[in-house]
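Notes follow the structure.
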Amino acid sequence: MIAVWSGRMNTRHTDWEPNSWRRKNATQQVAYPDPGALRSVVEQMSSLPPLVTSWEVERLKRNLAAAARADAFLLQGGDCAESFDDCNGAAIAVKLKILLQMSVVLIHGTRKPVIRVGRIAGQYAKPRSKDQESRGEVTLPTYRGDLVNRSGFSSEDRTPDPELMLRAYERAALTLNFIRALADGGFADLHHPENWKIRFAEGSQQQAEYAELIASVRDSISFMEAVSGADFSTLKQVDFFTSHEALALDYEVAQTRTVPRREGWYNLSTHFPWIGMRTAQPDGSHVEYCRGIRNPIGIKIGPAMTKAWLTELLDILDPDREPGRITLIHRLGAQKVDDLLPPLIEHVKALGRPVLFCCDPMHGNTETTEDGIKTRRFDNIRHELERSFDIHSELGSRLGGVHFEMTGEDVTECIGGSSGVAEADLSRDYRSRVDPRLNYEQALEMAMGIAGRLRRLARG
Ligand code: PEP
Ligand code: CO
């Protein structure tokens, strides 16, 4: 039997309980060969400590509500799929570093607090468009992320193994532990932008603009230190939150808890779960699960989303119209954003809902090269972002956040940017097992572009 949780029920959702999703249609779920082994793993996880706390979750919700009111800006980013192999100190540190550096650039551009959210410490499961993968004569179940099965191409590798859920939970805990230590101690070089690697700008058209931006970030830090009397390099406690797609519901439910002196249930495996495009059916299991938890919820919005579908999702997931509860993450693609974003904004306006809009410029811009390599073009990513900022602004709305797939390392997965990754370079250092990520320089350059855009918008 699945562990039974004691505690108060969320009074608003008396027909909801952590396992009510099992009565609905679950897409993208996995057939574990041994249900007994699965139950035992879920029971073990249910008694292990939570990874995050309810007060952190509530603080993030308040911050997201502020972003929806234009008083803050959301930066969300990280791997498409985290891998267990990447759970090491150096890789975690560079992921945190690029996110923090981008956030400093964005604070400078927006003059507002930036909410930092990693796709980290739990982004181990992936939705897939095909259940099977064939190579030559052999057909096996697809790889669904390290939480589910293994990426090698053998029957043993691809058989779903519930023990991997425990490994995912442990790695998420190790990752978060190190992030908390780093964020607490302060990252000294954050305060020395002159040391940031912006080689990519050398010789590019934007060289002067980027150099000026870095100098001006440095000046702002010095100015703030002068007026506040604080040395920023000793600043403690950078706020940092985690997010992942709420996909593997057995994993999510094992960390779904009530807490003393608070109403309702929290998913304490992450601060900010989101519902992906492939699992957003209003009558499906993922929406059912998410409706009953108190966390802020992200909803990915792809080109297939309709007005009626979105209305229904919002009615189910946010009946109370709670500020900070819903972030709509639109990922429409550079080609479609002009046609599809205005009606989306107008529709949400007509519904009068307090949502936060965030742009994911990655998932609508994935393409496959002639050599069969999955990639994304820097220019398409930037174009979708710029158009999104402008369209929101033209319609009296506001883009309050960005969502990237990126890494702090010098991988060659996306094409373009001033550092000039060409199609021919892709095979040089392509590590992602699923979607292509911006590398360190591409990510920082993207943040600089957004900062420039935001300052221009602010000047009108
Ligand atoms: C993702 O964020 O990795 C993803 C699969 O996104 P979407 O659901 O928007 O396709
Ligand atoms: Co992805």
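HN-Hα J couplings of the range 395-404 from phi, Karplus 6.51/-1.76/1.60, θ = phi - 60°, integer Hz, Gly and Pro as x?
The phi angles translate into 9, x, 10, 8, 7, x, x, 9, 9, 10 Hz.
Report the FRET efficiency, 1/(1 + (r/R0)^6), for residue 15 and residue 154, where r is their Cβ-Cβ distance and R0 is 35 Å, rounded to 0.05.
0.20
Give me the accessible area of residue 450, 1.4 Å probe, in Å² rounded to the nearest 10.
For residue 450, solvent-accessible area is about 10 Å².
Would you report the distance distribution of C-alpha pairs in the range 49-173 as whole percents per 5 angstrom bin, up to the bin with the largest distance?
2, 10, 15, 16, 16, 14, 11, 8, 5, 3, 1, 0
Any idea what % of Cα-Cα pairs in the range 11-459 are farther than 35 Å?
Tail fraction, whole percent: 27.
Would you work out what percent of the accessible area of the chain, with all protein chains in place, is carbon or sulfur (probe 1.4 Å)?
Working: 9210 of 18680 Å².
Answer for the chain is 49 percent, counting heavy atoms of protein chains only.
Which order do you get for 117, 104 if you rank them by accessible area with a 1.4 Å probe, largest at the top? Let's see the in-between values first.
Working: 117 0, 104 25 Å².
Sorted by accessible area, descending: 104, 117.
Of 102, 305, which has the most accessible area with a 1.4 Å probe, and how do the rest follow in descending order?
On the way: 102 0, 305 30 Å².
Highest to lowest solvent-accessible surface, that is 305, 102.
Listed here are the pairs 112/349; 95/374; 130/374; 307/336; 300/336; which of them are more than 18 Å apart at the Cα?
From 112/349; 95/374; 130/374; 307/336; 300/336, over 18 Å: 112/349; 95/374.
With runs of 4+ DSSP H residues as the only contributors, calculate the mean residue ellipticity of the chain at 222 nm using -39,500 (n - 2.57) per run, divided by the residue total and rounded to the nearest 500.
-12500 deg cm²/dmol
For residue 438, enumerate residues with amide H under 5 Å from its amide H, sequence gap 5+ or separate chain, H modeled in the peptide plane.
Amide H neighbours of residue 438, under 5 Å, 5+ apart: 405, 406, 407.
The values are calculated or read from the model by the stated rules, or taken from the named source; none is laboratory data. Quantities reported herein were computed from a predicted structural model and do not represent experimental measurements. Positions of Cβ are generated from backbone atoms using ideal geometry, with glycine treated the same way; all protein chains shown enter the neighbour counts. Note: areas computed on protein heavy atoms with side chains; ligands, DNA, RNA excluded. Shrake-Rupley method; radii C 1.70, N 1.55, O 1.52, S 1.80 Å.
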